[in-house]
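Asks: What follows is a structure written as structure tokens; I'll ask about it next.
The values are calculated or read from the model by the stated rules, or taken from the named source; none is laboratory data. Predicted model only: the values in this text are computed from it and were never measured. Note: areas computed on protein heavy atoms with side chains; ligands, DNA, RNA excluded. Shrake-Rupley method; radii C 1.70, N 1.55, O 1.52, S 1.80 Å.
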Amino acid sequence: MQQYCTVNWNTTDWELKSDGYYYYKKILPKGSKTTPLFTTVTVSKNAPEDEMKDFDIIVREESLQVGYFKSADEAWSAYKKNK
């Protein structure tokens, strides 16, 4: 199904990294929310009907407390080092 979809990714606030995951570029203050990762998914008119029957969008989320680190990358590196 993926080959028939166009996603309007928010690349202003999110960054796709080499591990295949999107990362939010900003550190969030306590109680705040991210901007949406994407706003629309457009399915091509050429998508076969049988492909549309079981159409799901799966989003996985993980979070990391940045604490005194200056970026999520720095915090993630420290986590991996001390794991």
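Asks: Evaluate the Debye formula for the chain with equal point scatterers sitting on the alpha carbons, no solvent, and hand back log10 of I(q)/I(0) at q = 0.21, 0.22, 0.25 Å⁻¹, in q order, two decimals.
Replies: -1.07, -1.13, -1.34
Asks: Skipping prolines and chain starts, which residues have an amide H placed within reach, meaning under 5 Å, of the one on residue 23, given they are 5 or more residues away or on another chain?
Replies: Here 15, 16, 17 satisfy the definition.
Asks: Would you kindly find the accessible area of residue 55, with a 1.4 Å probe and non-protein molecules such as ligands, DNA and RNA excluded, rounding to the nearest 10 Å²?
Replies: We get 70 Å² for residue 55.
Asks: Give the accessible surface of the chain per residue, rounded to a whole number of Å², with probe radius 1.4 Å and ligands, DNA and RNA excluded.
Replies: 90
Asks: On to the next question. List, in the order given, every pair from 26/83; 17/70; 17/53; 30/53; 33/70 whose Cα-Cα distance in the structure shown is over 29 Å. Kindly include the intermediate steps, with their values, before the conclusion.
Replies: Values: 26/83 24 Å; 17/70 18 Å; 17/53 31 Å; 30/53 40 Å; 33/70 19 Å.
Beyond 29 Å between Cα atoms: 17/53; 30/53.
Asks: Next question, about the same structure. How much solvent-accessible surface does residue 61 expose, in Å² to the nearest 10, with a 1.4 Å probe and all protein chains in place?
Replies: 140
Asks: May I ask you to give the percent of accessible area on the chain that is carbon plus sulfur, with a probe radius of 1.4 Å? Working shown, then result.
Replies: On the way: 3720 of 7510 Å².
Carbon and sulfur together cover 50 percent of it.
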